[in-house]
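Working notes, structure below.
No lab work stands behind these numbers, since they all come straight from the coordinates. Predicted model, so just to flag it, every value in this text is computed and none were measured. FYI the Cβ positions are ideal-geometry reconstructions off the backbone, even for glycines, and counts take in every protein chain you see.
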Amino acid sequence: MAGRFITLEGGEGVGKTTNKAFIEQWLAGHDIPYLATREPGGTPYAEKIRTLLLDHQTEAVDGMAELLLIFAARAQHLARVIRPALEQGVWVLCDRFTDATYAYQGGGRGLDMGQIAHLETLVQGSLRPDLTLILDIEPTLGMARANQRGELDRFEVEQMSFFERVRNTYLELARLTPARYQVIDASQSLGQVQQHIAAALEPLLP
Ligand code: Z5A
């Protein structure tokens, strides 16, 4: 049986890293073989592209150049890690995937959603996550949490209006295809957030 593909999404500081660890425990507790990974990145080659994307640059980065790099990293990640795992029945838990591209490059940067959809089909074919958990939080609260970690990357230095557009795009994606998404209020206590996550995962169990 093919593995299930779960993605974790949301704006800055929503708690993806924290809750990814919880989901890993949940999967292990149910004896499910899984692989935890992230985007951009997930392979040595794609992690190099991640560094290029997140590091501050001395020249302005063109939005289309950024978009193509993200999909280049994704193509490598899919070919080397995600597809082989799913084909072997291993579940894949991915910290961000193509919904982040719609939210950040489409919503945040204002790139054409149709072009993103075109690249999505080109790179992924029909592959889409089985479940996408969107951790949703007011951007000011998320940034306050993210700021506690220190140095900010090339995305985290954007204006608050950018993060508002990112958030609105995620919510719109969930509204358009409700069967695939679970939007979870990430301003709740960690315990409450994790209760909702566990409830969203249960229906995936064989
Ligand atoms: N990007 C893109 O533009 N396009 C794409 O297609 C893709 C990505 C795939 C890197 O992502 C960047 O890549 C990202 C978008 C872009 N932009 N940025 N920046 P990333 O996922 O690596 O980076 P991130 O979004 O900044 O995630 P993060 O830094 O790892 O934050 P997080 O994982 O969501 O949060 P956290 O570290 O788990 O939690 C933050 C703090 O809050 C921490 O102290 C926790 O203990 C605390 N926390 C968490 N939950 C709670 C609750 N419920 N209550 C109280 N405190 C909490």
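One table, with the values for the structure above:
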{"quantity": "Gain on full stretching of the segment that runs from GLU24 to MET64 - 0.36 nm per residue minus C-alpha separation", "calculated": "11.0 nm"}
{"quantity": "Rough spin-label spacing in nm, given labels placed 7 Å along Cα→Cβ, for SER187 and ALA144", "calculated": "1.0 nm"}
{"quantity": "Gain upon complete extension [ARG154, LEU127; 0.36 nm per residue less C-alpha separation]", "calculated": "6.8 nm"}
{"quantity": "Residue-span extension gain [LEU176 to TYR45] - 0.36 nm each, minus C-alpha spacing", "calculated": "43.8 nm"}
{"quantity": "Cα-centre dipole for the chain with unit charges at Cβ (Lys and Arg positive, Asp and Glu negative), debye to 20", "calculated": "360 debye"}
{"quantity": "The chain - mean residue ellipticity at 222 nm from DSSP helices (-39,500 (n - 2.57) per run, n ≥ 4, rounded to 500)", "calculated": "-14500 deg cm²/dmol"}
{"quantity": "Local electrostatic count, SER187, Cβ distance below 11 Å [Lys/Arg +1, Asp/Glu -1]", "calculated": "-2"}
{"quantity": "At 1.567 mPa s and 4 °C, Stokes D of segment 87-206 from Kirkwood alpha-carbon radius, µm² per second", "calculated": "82 µm²/s"}
{"quantity": "Inter-centroid distance (Cα atoms) of segment 147-188 relative to segment 20-60, Å", "calculated": "17 Å"}
{"quantity": "Over the chain: Kirkwood hydrodynamic radius from C-alpha pairwise inverse distances, Å", "calculated": "17.3 Å"}
{"quantity": "Most to least packed among 83-96, 112-125 [average Cβ atoms within 10 Å]", "calculated": "83-96, 112-125"}
{"quantity": "Segment 1-96 - Rg and Dmax from Cα coordinates, angstrom", "calculated": "14.8, 48"}
